[in-house]
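The values are calculated or read from the model by the stated rules, or taken from the named source; none is laboratory data. Source: prediction; values computed, not measured. Reconstructed Cβ throughout: ideal geometry from the backbone, glycine too, with neighbour counts over all protein chains shown.
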Amino acid sequence: MKDYYKILGLTRDASPDLIRQRFRELAFENHPDVSDKENAAEIFIEIYEAYQLLSQPDKKARYDLLYDKYIIKAGIPVPDEEHIKTDIQNVTYSAREKAQEKAKTRYGDFIKDMECHFMPGMKADGSPYIYNMHKNIGISGGTGPMGSIRSKIINIPIPRSRKAYLYHQTGLFIKVLFFVLAILVFRCKLLSEYSPAVRIISAFSLIITGGLITMGFYNLEGVRSKFFHAGTFPLVRKYKQKGYRRGFHPMISTTPAGVIAFLLRLFF
């Protein structure tokens, strides 16, 4: 008999809200699309199975009777035990079938049941923000410059509402607009009499202005910045604790290209 409380990391007195919250945390963390565990699919199915049983008060009460006898081994007789076992098996069997389908669902679609990370309180019904991460696991094909870096790569979709997506696209437009203006200012013939340093400072000031206007726009509309807040998503934090770093390729964290990538994320 499975210990469904242990699977969810809960005690028997957990409230329905806590059961639901814990299920979401574990399901989103262990979905096969984003988990680096070899048996992620089976873990995900067990989590879903446990939730389907414990989230139904009448089924949970019946399961608790069996839990006392087989998990705690309290030796308490269970009235109509065979009927209860059959009922529990039917629930878990149905849950496993549903979980297998959910496990095949793309994570980007699965997280639409979540709350928007960038605008709390809103449903994540928009295009998720993709947070690329990698972890260097060694060098193959030689050492030093002769070898190539081996890595594990994970792409984490962060739940985002349609409104947050629209605001982020608007912010991108503002920053691109000021970036184009900065290039025009730098190449402007009217400023050709000034030194390159002055023109660079003027152009850079325009880029900074675009960023500040974008941040002001975000604050006015109540939407969080991708650059400053994407890294606070719980699943991203967990992967950081496992040694993963930002970027879609090891080159991002081992060469000057990482600095360029950082600036691009900051400005765009």
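Select from segment 221-247 the residues that are part of a loop (DSSP other than H, G, I, E, B), farther than 15 Å from R160 by Cα and in contact with a helix residue (DSSP H, G or I) (Cβ under 9 Å, 6 or more places away or on another chain) and write down the one among them that is modelled with the highest pLDDT.
Checking each candidate, the answer is Y244.
State all residues of segment 1-37 that are at pLDDT 90 or above and of a type in the set (S, T, N, Q); if no residue qualifies, say none.
T11, S15
Please find, among L212, L235, the residue that is out of contact with any Asp or Glu (no Cβ under 8 Å at 6 or more places or on another chain) and of a type in the set (A, V, I, L, M).
Going through L212, L235 in turn, just one is out of contact with any Asp or Glu (no Cβ under 8 Å at 6 or more places or on another chain) and of a type in the set (A, V, I, L, M): L212.
Is it true that V180 is loosely packed, with under 13 Cβ neighbours inside 10 Å and part of a helix (DSSP H, G or I)?
So V180 passes the test.
Residues in segment 35-80 that are surrounded by 13 or more Cβ atoms within 10 Å (Cβ to Cβ), in contact with a helix residue (DSSP H, G or I) (Cβ under 9 Å, 6 or more places away or on another chain), free of Cβ contacts under 8 Å to residues at least 60 places away in the same chain and more than 30 Å from K240 (Cα to Cα): how many?
Of the residues in that region, 12 qualify.
When D87 is evaluated against the numbered criteria (1) over 25 Å from P159 (Cα atoms); (2) surrounded by 14 or more Cβ atoms within 10 Å (Cβ to Cβ); (3) in contact (Cβ under 8 Å) with a residue 40 or more places away in the chain; (4) touching a helix residue (DSSP H, G or I) at 6+ places or on another chain (Cβ under 8 Å), which criterion, by number, is the only one it fails?
Exception for D87: condition (3).
Kindly list, by first and then second residue, each pair from a residue in segment 140-168 that is on the phi > 0 side of the Ramachandran plot and of a type outside the set (D, E) to a residue that is part of a loop (DSSP other than H, G, I, E, B) and modelled with pLDDT under 90, limited to pairs with Cβ atoms under 7 Å and residues at least 6 apart or on different chains.
Short answer, once both residue conditions are applied: G141/G147.
Of everything in segment 38-71, what is among the hydrophobic types (A, V, I, L, M, F, W, C) and within 24 Å of the chain's Cα centre (by Cα)? Give them in sequence order.
A40, A41, I43, F44, I45, I47, A50
Go through segment 95-112 and give me each residue that's under 15 Å from H31 (Cα atoms) and in contact (Cβ under 8 Å) with a residue 40 or more places away in the chain.
Hits for segment 95-112 are R96, K98, A99, Q100, K102, A103, R106, Y107, G108, F110, I111, K112.
Could you tell me whether S35 is among the hydroxyl-bearing types (S, T, Y) and within 22 Å of K152 (Cβ to Cβ)?
yes
Please specify each residue of segment 131-189 satisfying the condition of being charged (D, E, K, R), within 23 Å of the chain's Cα centre (by Cα) and modelled with pLDDT of 90 or more.
R160, R162, K163, listed by residue number.
Looking at (1) over 17 Å from Y4 (Cβ atoms); (2) touching a Pro at 6+ places or on another chain (Cβ under 9 Å), which one does K69 not meet, given that it meets all the others?
(1)
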